[in-house]
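Notes follow the structure.
The values are calculated or read from the model by the stated rules, or taken from the named source; none is laboratory data. Just so you know, these numbers come straight off a predicted model, no measurement behind them.
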Amino acid sequence: MAKATTAKAPKKVKKAAKAVTLKAKSAGKKTGKKSKGNSKGAADALWKLAENPLVGELLAIGATAAVAAIAQQNVGGKGKKGASSKVAVKAAGTAAAAAIGQRLIDEFTDIKKASKSKPAKA
């Protein structure tokens, strides 16, 4: 004869901890009004800055340096793809920042030299 099995009590499931939500305190009173005209002035200033030839040149220099750094890392080569991609992106960002920084230093140096060599006439 087979033994009769007794029903086992179900295991108790631990309840998940309640999610805690944090609210940041506001810095001041909110009036609910949107700023008028301020965003238009900021957008105009941004467009004027983007139209400057020096900004375009800096972007081109940075992009060229980034592409060169990626090509130098040989991303399509051996090893882990994810790890080499991270290294290549980091190298590209570093190269772009260095190239842009050097170009800005050169520009300011040229301006200083020009201002010292030509005294202002009254």
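Values for this structure:
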read-out	value
Single residue of A83, A43 found to be of a type in the set (A, V, I, L, M), at pLDDT below 80, outside any loop (DSSP other than H, G, I, E, B) and more than 19 Å from the chain's Cα centre (by Cα)	A83
Subset of region 86-121 [among the charged types (D, E, K, R) and at pLDDT 90 or above]	K90, R103, D106, E107, D110, K112, K113
